[in-house]
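Report on the structure given below.
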Amino acid sequence: CRALSMDIDTDYERPNVETIKCVVVGDNAVGKTRLICARACNATLTQYQLLATHVPTVWAIDQYRVCQEVLERSRDVVDEVSVSLRLWDTFGDHHKDRRFAYGRSDVVVLCFSLANPNSLRHVRTMWFPEIKHFCPRTPIILVGCQLDLRYADLEAVNRARRPLAKPIKPTDILPPERGHEVAKELGVPYYETSVVAQFGVKDVFDNAIRAALISRRHLQFWKSHLKKVQRPLLQAPFLPPRPPRPVVGVPDPPPSAGEGPAFLFALPLCADVLFLLQGGATRVFAHKVYLATSCSKFYDLFTLDLGGGAGEDRGWEGEEEGEWDDEAEQTRRGAKEQAGRTKSLDIDKDSEGRGSRRTRQPLLLQQGSLKASQSDYALPARVQSSGGLEGASRVLSGWGRGFQSMRQELVEDPVTGRPRLMTVVSMDGLIQKRPFQAVLQYLYTGSLDETRGDLMQVATIAELLEVFDLRMMVANVLNRESFMNQEITKAFHVRRANRIKECLSKGTFADVVFRLDDGCLPAHKPLLISSCDWMAAMFRGSFKESYVQEKRGPASQTSVCFCRGFVFFLLSSIHTPYSALDPATTVIKADTHAAPVSLSTEQHAVEELLQFAVQGADIDGQVLTYLETAQFHNAKQLAAWCLHHICTNYNSVCRKFPKDMKAMSPGNLR
């Protein structure tokens with residue numbers, strides 16, 4: 001302590017070392033103590049640390065005696081003059097007596113908050129008169145603190161503040177002009193500072209030292225080392241932090257006008273499968289594509305070969321019944337271990353090892369093909385003649401529990417009343433209608449009504465049909481662990497989206513064909529009806545498309561690649577990049593078809609640009625190209641992202657593309 005005291009005394013005794021007493025004053029909570037700590041202790045704090053509950057504090061002047069580091073940091077050289085800066089902190093309460101702090105001060109730093117207009121008002125009404133009263137000849141430096149709040153997210157800042165703190169409004173943020181006006185009125189220099197951004201801390205105290213040395217030079221004119229001291233310098237402008245990039249995302253689609261999977265199950269438009277319960281007394285209509293993409297058991301059922309008739313079925317049952325039972329047992333055991341399994345939809349692989357059965361194909365693509373009069377492409381015979389498979393049947397008593405037989409039959413459509421070729425499946429007589437409908441509804445929607453009174457029967461049928469995730473959901477409800485069902489539901493939708501994508505690429509269970517410029521795209525009416533309002537209007541109304549199996553594509557050039565991604569997005573809300581198209585072309589085509597796909601395309605374009613930027617590629621030229629295209633084709637999110645990139649890289653873009661920048665529309669230049 002004695003050695004430290006001698007060091008302090010030495011500072012006062014050195015002939016060419018000027019000791020400066022700097023008093024810091026201002027309202028409470030404007031950032032005086034934080035500013036002093038940033039200079040004296042090199043303290044750095046985050047914005048959220050500074051927003052903690054404010055406790056009025058005073059930084060003790062004794063720190064220069066008890067802390068060697070603080071003493072060493074007080075020494076500085078300004079304009080070739082060695083100085084020792086001693087900072088004096090004060091309370092911000094207006095009624096406090098600060099005459100002792102003002103005594104023999106060399107400079108006063110007067111602080112206010114850039115997020116508190118009252119603190120700036122008090123500079124004129126209270127603080128400046130008080131300083132002039134106690135030390136009329138002492139130079140004053142006006143400092144605006146908390147500069148970072150001018151560019152901060154005020155909503156996040158207010159959430160981080162203490163509960164009873166007054167929220168900061170956008171109108172509370174003071175522009176630089178307000179501070180300059182007050183400084184000009186008072187005749188003092190003005191600076192802005194931020195402890196969070198570490199901006200202006202050195203500027204404030206270096207210029208405070210200059211003001212003190214100039215004042216001292218007038219009184220001690222014989223000190224030659226003070227001749228080079230400059231007047232307080234102008235502060236370099238603050239470079240605001242780069243604003244975050246706009247988030248380009250696809251919002252949740254708005255609820256459709258009732259055409260969802262649940263509605264489609266209740267009103268089975270375009271139904272293609274009929275379940276007969278209780279000996280045929282009860283009829284339940286459904287859609288193959290919904291059941292097959294949600295349950296592997298139904299996929300296997302609907303891809304069985306019905307060409308051989310009942311006699312061939314009985315022979316196959318006798319030869320391979322044991323083999324199928326073993327295989328089914330292994331499948332059930334594996335599913336119990338992992339309820340979220342994803343079974344491959346590869347039909348060719350599924351048919352390997354079953355020599356008596358011929359290789360199966362998607363139903364829309366089998367039975368040969370004919371040339372349509374209005375098309376150059378081959379269409380399946382099933383499209384040309386609805387009776388091609390009528391009468392084909394198969395006995396299922398040895399294939400799986402709960403199933404009796406399956407056949408193709410013309411059935412009156414429950415909605416339109418027209419005869420329609422359907423797959424009729426006879427179920428075991430013990431299966432009740434309501435639990436069976438609950439299982440089918442789960443396969444459509446992925447949700448379970450937990451208030452049902454027949455959950456045990458639902459679980460039994462789910463076990464019978466190998467819908468193991470539904471059985472697990474029922475078990476969770478009975479065990480009062482329903483919260484675990486959220487993850488099962490998420491896995492269900494992801495698994496079904498993958499299966500839908502595979503069915504779409506292979507044409508499995510397709511019942512409509514879109515004829516495009518470069519080929520045909522098979523699709524599924526039930527999925528399109530439940531996913532898109534205008535598709536529902538087209539297929540369920542009095543339009544021609546409601547009863548034909550082939551639809552011409554739009555007049556504009558549209559590729560199978562784009563339409564496949566477009567249809568898959570409608571079915572699953574998941575965007576698939578179009579490898580054959582660049583993002584600009586994709587934006588144009590997406591805007592022509594549907595707004596949700598356009599949003600998804602914008603997201604893909606931004607992701608591709610960011611990927612190029614990470615790889616070190618120059619994307620400025622691409623961004624300029626995308627901007628005009630995005631604005632013209634209503635890609636608002638992509639346009640906002642491009643404008644942000646141009647603004648944050650303005651100098652670089654102007655240097656590389658001066659003509660393009662001059663040719664921009666006035667709205668973009670603003």
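The values are calculated or read from the model by the stated rules, or taken from the named source; none is laboratory data. Keep in mind that what you see is a predicted model, and the values were worked out from it rather than measured. All Cβ positions, glycine included, derive from the backbone under ideal geometry; neighbour counts span all protein chains shown.
Scanning segment 149-196 for residues that are touching a residue at least 60 places away in the same chain (Cβ under 8 Å), in contact with a helix residue (DSSP H, G or I) (Cβ under 7 Å, 6 or more places away or on another chain) and part of a loop (DSSP other than H, G, I, E, B) turns up A152, L174, T193, V195, V196. Would you pick out the residues in segment 129-163 that are more than 21 Å from D206 (Cβ to Cβ) and of a type in the set (G, A, S)? Of everything in segment 129-163, those that are more than 21 Å from D206 (Cβ to Cβ) and of a type in the set (G, A, S) turn out to be A152, A156, A160. Within segment 250-278, the set of residues being modelled with pLDDT under 60 and β-branched (V, I, T) comprises just one member, V250. The residues of segment 512-530 that are of a type in the set (D, E, K, R) and surrounded by fewer than 22 Cβ atoms within 10 Å (Cβ to Cβ), listed by number, are R515, D517, D518. Based on this model, can you work out whether D454 counts as within 17 Å of K297 (Cα to Cα) and acidic (D, E)? Considered against the rule, which asks whether it is within 17 Å of K297 (Cα to Cα) and acidic (D, E), D454 comes out as no. Just one of the listed residues (G200, G179, G187) is touching a Ser or Thr at 6+ places or on another chain (Cβ under 7 Å) and of a type outside the set (S, T, Y), namely G200. Can you find a residue that is free of Cβ contacts under 8 Å to residues at least 40 places away in the same chain and under 37 Å from the mean Cα position of the chain (by Cα) anywhere in segment 429-438? Looking for residues that are free of Cβ contacts under 8 Å to residues at least 40 places away in the same chain and under 37 Å from the mean Cα position of the chain (by Cα), one finds at least one in segment 429-438, hence yes. Check segment 80-90 and report whether any residue there is charged (D, E, K, R) and within 17 Å of R34 (Cα to Cα). Scanning segment 80-90, I find at least one residue that is charged (D, E, K, R) and within 17 Å of R34 (Cα to Cα), so the answer is yes. The condition of being surrounded by fewer than 18 Cβ atoms within 10 Å (Cβ to Cβ), among the aliphatic types (A, V, I, L, M) and either more than 30 Å from the chain's Cα centre (by Cα) or not assigned by TED's automatic domain parsing to the domain that holds G92 (or both) holds for only one of L164, L114, L142, L120, that being L164.
Residue count for segment 626-642 satisfying the condition of being touching a helix residue (DSSP H, G or I) at 6+ places or on another chain (Cβ under 8 Å), more than 14 Å from V606 (Cβ to Cβ) and either among the hydroxyl-bearing types (S, T, Y) or part of a helix (DSSP H, G or I) (or both): 1. Can you tell me which residue in segment 148-161 is farthest from the chain's Cα centre (by Cα), limited to those that are among the aliphatic types (A, V, I, L, M) and surrounded by 13 or more Cβ atoms within 10 Å (Cβ to Cβ)? Among those residues, the one meeting the criterion is L149. Residue check: P136 meets all listed conditions (1) in a loop (DSSP other than H, G, I, E, B); (2) of a type outside the set (K, R); (3) in contact with a Phe, Trp or Tyr (Cβ under 6 Å, 6 or more places away or on another chain) but one, namely (3).
So is F128 in contact (Cβ under 8 Å) with a residue 12 or more places away in the chain, surrounded by fewer than 23 Cβ atoms within 10 Å (Cβ to Cβ) and over 35 Å from the mean Cα position of the chain (by Cα) or not? Yes: the conditions hold for F128.
This table checks each residue for (1) outside the structural domain of A605 (by TED's automatic domain parsing); (2) under 22 Å from E466 (Cβ atoms); (3) at pLDDT 55 or above.
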| position | (1), (2), (3) |
| --- | --- |
| P232 | yes, no, yes |
| R242 | yes, no, yes |
| V248 | yes, no, yes |
| K288 | yes, yes, yes |
| G311 | yes, no, no |
| E317 | yes, yes, no |
| E321 | yes, yes, no |
| Q338 | yes, yes, no |
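Within segment 205-220, residues that are in the same structural domain as T33 (by TED's automatic domain parsing) sit with their Cβ atoms under 7 Å from residues that are among the hydrophobic types (A, V, I, L, M, F, W, C) and part of a helix (DSSP H, G or I), at 6+ positions apart or across chains, in these pairs: L213/L226; R216/L226; R217/L226.
Selection over segment 263-309 of residues that are assigned to a helix (DSSP H, G or I) and of a type in the set (A, V, I, L, M) gives a count of 6. Only one entry of S556, S505, S542 meets the criterion of being in a loop (DSSP other than H, G, I, E, B) and modelled with pLDDT of 60 or more, and that entry is S542. Going by the structure shown, is R480 surrounded by fewer than 23 Cβ atoms within 10 Å (Cβ to Cβ) and not in a helix (DSSP H, G or I)? Taking the combined requirement at face value, the residue satisfies it. When segment 197-229 is limited to residues that are polar (S, T, N, Q) and part of a helix (DSSP H, G or I), the one that is modelled with the lowest pLDDT turns out to be S224. Pairing residues of segment 641-654 that are closer than 18 Å to V248 by Cβ with residues that are of a type in the set (F, W, Y), at Cβ distances under 9 Å and at least 6 apart in sequence or on separate chains, gives W641/Y626; C642/Y626. So for segment 88-101 (the condition being under 21 Å from T19 (Cα atoms), surrounded by fewer than 20 Cβ atoms within 10 Å (Cβ to Cβ) and among the hydrophobic types (A, V, I, L, M, F, W, C)), does at least one residue qualify? Among the residues of segment 88-101, at least one is under 21 Å from T19 (Cα atoms), surrounded by fewer than 20 Cβ atoms within 10 Å (Cβ to Cβ) and among the hydrophobic types (A, V, I, L, M, F, W, C), which makes the answer yes.
Inspect segment 74-87 for any residue being assigned to a loop (DSSP other than H, G, I, E, B) and either in contact with a Cys (Cβ under 9 Å, 6 or more places away or on another chain) or at pLDDT below 90 (or both) and give the result as yes or no. No, that holds for no residue.
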